[in-house]
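**Q** Encoded as structure tokens, here's the structure I'll be asking about.
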């Protein structure tokens, strides 16, 4: 089909009507900056415990990567330190629809299948199985014949597969707004089109946030701003290495059912949606635009550069006001009147909405036809892109700041955030309230980038 028949737009964008427009309070217990899966999940958990919480979202709830991802909710292939959180998250996802009364939070538990086309991939699957057995997962290794039985239309002669039946998928552009509605009913205040310009501190303690609509007093702030988090952290003197990497997704309507769950090989990823169609993406392709952050964080990223960026296309021309852009103003300092009163970069770019090149969609369709029979007439109806916030070791930061009392950070999910989001929100809510998080968070500490320790590289 021709590219002009494809709608190039994310399901949630800057034109989506405002749903949450809470009156800005004079003060709250906690302000959350960012209305993605991490911020909204934290707000929901805090509201359940009676904590007065305000979510400030510069655009729309879930308007960036939280609605643009594949929708996978997987334990398969997870980093060893992430896996306990992900196991908890699966349990949360299973109960969310009933707990909230929001059917759009339904978790489609149809499994994840990773396909091995060579011995190296088989070895990686064998390695994960050791971790799966340690945590009593239902993951199993499938031989060549068993893979063929699951994928009767597959053209490629896969050697084996790694299959986890308890994994699944939700619809991200429905799920996160649904969770936001549930959080609002529980008492969380959510305000869209409300950019935070600066975080105020007094004697190195959080004292308020200054938004485009006014100031709100608080002594605790969660910075969960996705691709923008590093920019905001620098305004408080925090070193948080993070790069924005573009990934593209398409809606596919094949004539035949290909697979009822989620699958991926080294070329292509597919997941069947609730409407019977599929979400499709290139599993080994990303874009990164060379910018100021590329050089600012070159040193910590050096360890993972070969692994992460070997399948990345580099660009040199970036849209103005994107994270890390050369032209972005230096983050303002606390109590700087010019920052408080001036329209910020966050207001100038309500929603990161990168373009999808038609050639990328064509590549998806080519790989689909290489992988499956009877896909010659498959149609792509929609395509969009999102910016993934990636850390040098591909696992998130879930921590409190050691420099600024009352500042908490949840970011850097590196493309793994949608599935793990509910558990991350529960953990951050407990950290903010001063309760035990229930998991060892040493791997996710902020100062791992500055304390001289060697970074462990998680899976991409």
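**Q** Among the numbered criteria (1) at pLDDT below 90; (2) under 21 Å from residue 12 (Cβ atoms); (3) touching a strand residue (DSSP E or B) at 6+ places or on another chain (Cβ under 9 Å), which one does residue 277 miss?
**A** (1)
**Q** Could you check, for region 55-64, whether at least one of its residues is crowded, with 24+ Cβ neighbours inside 10 Å, in the same structural domain as residue 269 (by TED's automatic domain parsing), on the phi < 0 side of the Ramachandran plot and outside any loop (DSSP other than H, G, I, E, B)?
**A** Scanning region 55-64 turns up at least one residue that is crowded, with 24+ Cβ neighbours inside 10 Å, in the same structural domain as residue 269 (by TED's automatic domain parsing), on the phi < 0 side of the Ramachandran plot and outside any loop (DSSP other than H, G, I, E, B).
**Q** Related question: Mind checking whether some residue in region 408-417 is farther than 27 Å from residue 29 by Cα and either in contact with a strand residue (DSSP E or B) (Cβ under 7 Å, 6 or more places away or on another chain) or at pLDDT 95 or above (or both)?
**A** Within region 408-417, one or more residues are farther than 27 Å from residue 29 by Cα and either in contact with a strand residue (DSSP E or B) (Cβ under 7 Å, 6 or more places away or on another chain) or at pLDDT 95 or above (or both).
**Q** Residue 295 fails exactly one of the following numbered conditions: (1) over 30 Å from residue 147 (Cα atoms); (2) part of a loop (DSSP other than H, G, I, E, B); (3) out of contact with any strand residue (DSSP E or B) (no Cβ under 8 Å at 6 or more places or on another chain). What is the number of that condition?
**A** The one condition residue 295 does not meet is (2).
**Q** When you look at residue 96, is it closer than 26 Å to residue 368 by Cβ and touching a residue at least 40 places away in the same chain (Cβ under 8 Å), yes or no?
**A** no
**Q** Then there is this: From (1) part of a loop (DSSP other than H, G, I, E, B); (2) closer than 26 Å to residue 346 by Cα, pick out the condition that doesn't hold for residue 78.
**A** Here residue 78 clears every test but (2).
**Q** Kindly provide the set of residues from region 246-280 that are outside any loop (DSSP other than H, G, I, E, B) and either outside the structural domain of residue 362 (by TED's automatic domain parsing) or surrounded by fewer than 17 Cβ atoms within 10 Å (Cβ to Cβ) (or both), ordered by number.
**A** Result: 253, single match.
**Q** While we're on this one: Looking at region 393-403 only, could you name the residues that are in a loop (DSSP other than H, G, I, E, B), crowded, with 20+ Cβ neighbours inside 10 Å and more than 14 Å from the chain's Cα centre (by Cα)?
**A** 393, 401
**Q** Now, a different point. Of the residues 170, 116, which is farther than 21 Å from residue 425 by Cα, buried (at least 20 other Cβ atoms within 10 Å of the Cβ) and at pLDDT 95 or above?
**A** 116
**Q** Considering only residues that are within 19 Å of residue 230 (Cβ to Cβ), in a loop (DSSP other than H, G, I, E, B) and touching a strand residue (DSSP E or B) at 6+ places or on another chain (Cβ under 8 Å), which ones fall in region 441-460?
**A** Passing the criteria: only 445.
**Q** Return yes when residue 71 is in contact with a strand residue (DSSP E or B) (Cβ under 7 Å, 6 or more places away or on another chain) and surrounded by fewer than 24 Cβ atoms within 10 Å (Cβ to Cβ) and no when it is not.
**A** yes
The values are calculated or read from the model by the stated rules, or taken from the named source; none is laboratory data. Please read all numbers here as calculations on a predicted model, not as lab measurements. Glycine also receives a Cβ, built like all others from the backbone with ideal geometry; neighbour counts cover every protein chain displayed.
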